[in-house]
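Dropping the structure in here first, questions after.
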Amino acid sequence: MKTPLLIAAIALGAHAGFASAQQMYKCGNTFSQTPCAPDAVAKPVQSSATPEAAGGLSGYELCAAAARKMANSPEPETARIQPIGERRSEVIQYAGKPIATHRYDLAIDAKTQYGVFSGLQPYACWLSEDQRRVLQFRSSRF
């Protein structure tokens, strides 16, 4: 009879230790376990806290926006962007190091200086692992 009670007490004590919040300091947009300034204020952070989602474009939409900027057109906002195939993971050399990326292949049909569409041109877009930054964007014609 005493053993189940003892096990329950130990489990409850262990759970209470894990559920307590850690002492964290907010330093701009990041958190630290040490104060970042003399007037830093501690904020309790639960262990189950998740980071805030970054705003802005991501994934294919980010590549499409980059494509509009890269379109050599007097009217880049009118460029027609189409995905080619599916997103795939790929390791590339970036800043002299291998890095995991997400690659999107797309086609751009932009207007020429004469106001007519030039035809679909293939491009490749490599995004960071979180799909929030364009690492490379280039023509995929050889």
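The values are calculated or read from the model by the stated rules, or taken from the named source; none is laboratory data. Note that this is a predicted model, so its numbers are computed, not measured. When we count neighbours, we look across all protein chains shown, and the Cβ atoms used for this are built from the backbone with ideal geometry, even at glycine.
How many residues are small (G, A, S) and either touching a residue at least 12 places away in the same chain (Cβ under 8 Å) or closer than 22 Å to N72 by Cβ (or both) if we restrict to the range 91-112?
At the first step, the residues of the range 91-112 found to be small (G, A, S) are 95-96, 100, 107, 110.
Going one step further and asking which of them are either touching a residue at least 12 places away in the same chain (Cβ under 8 Å) or closer than 22 Å to N72 by Cβ (or both), we end up with 100, 107, 110.
Of the residues in that region, 3 qualify.
Restricting to the range 56-73, give me the number of residues that are surrounded by 14 or more Cβ atoms within 10 Å (Cβ to Cβ) and of a type in the set (D, E, K, R).
So the count comes out to 1.
Of the conditions (1) under 30 Å from C27 (Cα atoms); (2) more than 23 Å from the chain's Cα centre (by Cα); (3) modelled with pLDDT of 90 or more, A40 fails just one. Which one is it?
(3)
Spot the failing condition for D130; the list is (1) surrounded by 12 or more Cβ atoms within 10 Å (Cβ to Cβ); (2) under 15 Å from the mean Cα position of the chain (by Cα), and only one is missed.
The failed condition is (1).
Right, something else. Do we have any residue at all in the range 79-98 that's modelled with pLDDT under 90 and farther than 30 Å from S140 by Cβ?
no
Same structure, new question: Please find, within the range 85-127, the residue that is nearest to the chain's Cα centre (by Cα) out of those that are among the aliphatic types (A, V, I, L, M) and within 13 Å of L62 (Cα to Cα).
Restricting to residues being among the aliphatic types (A, V, I, L, M) and within 13 Å of L62 (Cα to Cα), the top hit is L127.
Which residues, counting only those in the range 110-136, are out of contact with any Lys or Arg (no Cβ under 7 Å at 6 or more places or on another chain), under 16 Å from A95 (Cβ atoms) and not in a loop (DSSP other than H, G, I, E, B)?
Passing the criteria: V134, L135, Q136.
Just to be sure I understand the filter: pairs with C-beta atoms under 9 Å, separated by 6 or more residues or on different chains, first member in the range 113-142 and over 15 Å from A65 (Cβ atoms) and at pLDDT below 90, second member outside any strand (DSSP E or B) and of a type in the set (G, A, S). Which pairs pass?
Pairs that qualify, where the first residue is over 15 Å from A65 (Cβ atoms) and at pLDDT below 90 and the partner is outside any strand (DSSP E or B) and of a type in the set (G, A, S), are Q113/S73; S118/S73; S118/A110.
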